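Accompanying notes for the structure given below.
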């Protein structure tokens, strides 16, 4: 009887599917668990990478502004706290590996965490190491030919009236104003990019295609390395006055004042103006090749208000080019005002349609106002001032190859690895 029962049981096929399903269930649960673990691992990996990206960018932005990359990156990691790290973060400025190794304008961040995956743990798989690595750097993104060094909330660059400014380059200001570049009236601006540390307001005054970059990193003073004038440069200074219909030829040296209403021919070299002014009348003509005009004062340290200024009236004909020899310490510099000057005046640069200007205008401590005229030749001109104002028509082509004028590179911070 017992044997017959066992035989029937062995021949019975009922419930086979259920038995097979029960046998396969651990495999199915394991597969689903591994899939869940994969999703979890991907999420953690994304969080670690996001934290590394953010920290590297924070460090690079700090470098761009003269602060500590390590402090800023660490602060950013602590602020986000997306995931608990298993090791102290690696923060390098400059990176020790990768395509930006040794570059002190780059910041590399490596983050690591170790987290157990629940289903993998059941299968005896240890906690995986999850890495996030990112490198951010300050990189070039164009060329500026107009820079305002204003750091306050005052407007840095202004276009007045019907000024038409057509630049084959960009303009930038360190102003923190909500509208750091003001294009008013019927003025038009063609420049790319237009950058500011503060805000920029979209306007029909900007030509189609103009790129606005508000809240950008500050532009470093491109001529900060120029030597400060000293008393040794200011000996034998004399006054020079050229009356209408008169012509004078002069050599480089020191002058108390230069007041030109006639024609002035300047020999190559450096001209120092000591505590006076460089004044040019509306009918004057000035010719000079390989010249640099430095506005300073022998008493600049004690009385910075005495530093010389420039006033060139509209209608004057200017044929002035800066030194092109790269061995000249003032190569590419046409006008340079002592950086100790008080922010109490505006230097006026005007010219007629016959004028030719080549070189940089550098007024780091004071404002400058440039009034161009249709037809004026300004193929290679750089303007760096505390604040810069445009009046009239200005067309700067920005063709400075072999002309001794250094490029002012536009920069931005971005992830590079």
Q. Among the residues of the stretch 176-184, is there at least one that is closer than 17 Å to residue 65 by Cα, under 15 Å from the mean Cα position of the chain (by Cα), part of a loop (DSSP other than H, G, I, E, B) and at pLDDT 95 or above?
A. yes
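For the structure I just gave you, tell me whether residue 383 is at pLDDT 95 or above, under 17 Å from residue 164 (Cβ atoms) and crowded, with 19+ Cβ neighbours inside 10 Å.
Values: at pLDDT 95 or above: yes; under 17 Å from residue 164 (Cβ atoms): yes; crowded, with 19+ Cβ neighbours inside 10 Å: yes.
When the stated conditions are applied, residue 383 passes them.
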Q | All positions within the stretch 350-371 that are within 23 Å of residue 289 (Cβ to Cβ), without any contact (Cβ under 8 Å) to a residue 24 or more places away in the chain and part of a strand (DSSP E or B) | A | 368
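What residue, of 215, 223, is in the same structural domain as residue 150 (by TED's automatic domain parsing), in contact (Cβ under 8 Å) with a residue 40 or more places away in the chain and assigned to a loop (DSSP other than H, G, I, E, B)?
Working: 215 fails: in contact (Cβ under 8 Å) with a residue 40 or more places away in the chain.
Residue meeting the stated conditions: 223.
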Q: Mind counting the residues in the stretch 63-112 that are touching a helix residue (DSSP H, G or I) at 6+ places or on another chain (Cβ under 6 Å), within 27 Å of residue 44 (Cα to Cα) and not in a loop (DSSP other than H, G, I, E, B)?
A: 10
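The values are calculated or read from the model by the stated rules, or taken from the named source; none is laboratory data. Values in this document were obtained by computation on a predicted structure and should not be read as measured data. In this analysis, Cβ positions are derived from the backbone assuming ideal geometry, glycine residues included, and neighbour counts consider all displayed protein chains.
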